[in-house]
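Structure first, commentary second.
Throughout, read-outs are computed from the coordinates displayed, never taken from laboratory work. Just so it is clear, the structure is predicted and the values come from calculations on it, not from any experiment. Glycine gets a Cβ as well: all are built from the backbone with ideal geometry, and neighbour counts include every protein chain shown.
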Amino acid sequence: MATALALANFKLFQLPSGGSVSLGGLPVLVLAARHGVFTGLVSGSLFGILLLTSRPFIVHPLQFLLDYPLACASLGLAGLVAWDKPLKAATATTVANIVRLHFHVVAGAVFFVADQETMVQALKVSYAYNLSHMLPETVLFAALSGYLARFQPGLCARQSR
């Protein structure tokens, strides 16, 4: 978790209302690959809570839950499959980040929705905003996880209990 938090503080770019591109989630993804989905979910949730120590952005209790512990926990879903091939690692990472994107989108939309009429507009704006940082980070994580699965298979291999 210390490595994840340290890497999260080295940002390629930061958006004004929260969200950034960093390598912070990569250790959580690798931990999920090595130890499975449960360990990945728990460590991702812990990582999300630890992010509050360095860059809190809270506007609502529901937004806090969706943006921090739940969104980061979703990185643990990358542990659903073994990273024995680069394509499996990249796919698992991408799926985990797509789930994470949806947590961020709902967090953004829920806070700004005033009534039923504005829900669609809030979702559109939230998708546009969150894709601006999640898309580059997802591509970066998919490429790095594929690289690790190919050239460092011991780092990604499932560990027996």
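What the table shows:
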item: Filter pass, residue 149 being over 25 Å from residue 69 (Cβ atoms) and either part of a helix (DSSP H, G or I) or more than 12 Å from the chain's Cα centre (by Cα) (or both); result: yes
item: Subset tally (residues that are crowded, with 21+ Cβ neighbours inside 10 Å and among the aromatic types (Phe, Trp, Tyr)) for the range 94-144; result: 2
item: Candidate set from the range 8-30 (those that are within 13 Å of the chain's Cα centre (by Cα) and either outside any helix (DSSP H, G or I) or without any contact (Cβ under 8 Å) to a residue 24 or more places away in the chain (or both)); member that is surrounded by the fewest Cβ atoms within 10 Å (Cβ to Cβ); result: 20
item: Checklist (1) closer than 17 Å to residue 31 by Cβ; (2) part of a helix (DSSP H, G or I); (3) in contact (Cβ under 8 Å) with a residue 24 or more places away in the chain applied to residue 94, failing item; result: (1)
item: Single unsatisfied condition, residue 41 versus (1) within 12 Å of residue 79 (Cα to Cα); (2) out of contact with any Leu (no Cβ under 8 Å at 6 or more places or on another chain); result: (2)
item: Residue 70 vs. criteria under 29 Å from residue 150 (Cβ atoms), touching a helix residue (DSSP H, G or I) at 6+ places or on another chain (Cβ under 9 Å) and touching a residue at least 24 places away in the same chain (Cβ under 8 Å); result: no
item: Residues of the range 107-139 that turn out to be under 25 Å from residue 31 (Cβ atoms) and in contact with a Ser or Thr (Cβ under 9 Å, 6 or more places away or on another chain), as a count; result: 5
item: Enumeration of residues in the range 48-91 that are among the polar types (S, T, N, Q), within 16 Å of the chain's Cα centre (by Cα) and either part of a loop (DSSP other than H, G, I, E, B) or surrounded by fewer than 22 Cβ atoms within 10 Å (Cβ to Cβ) (or both); result: 63, 91
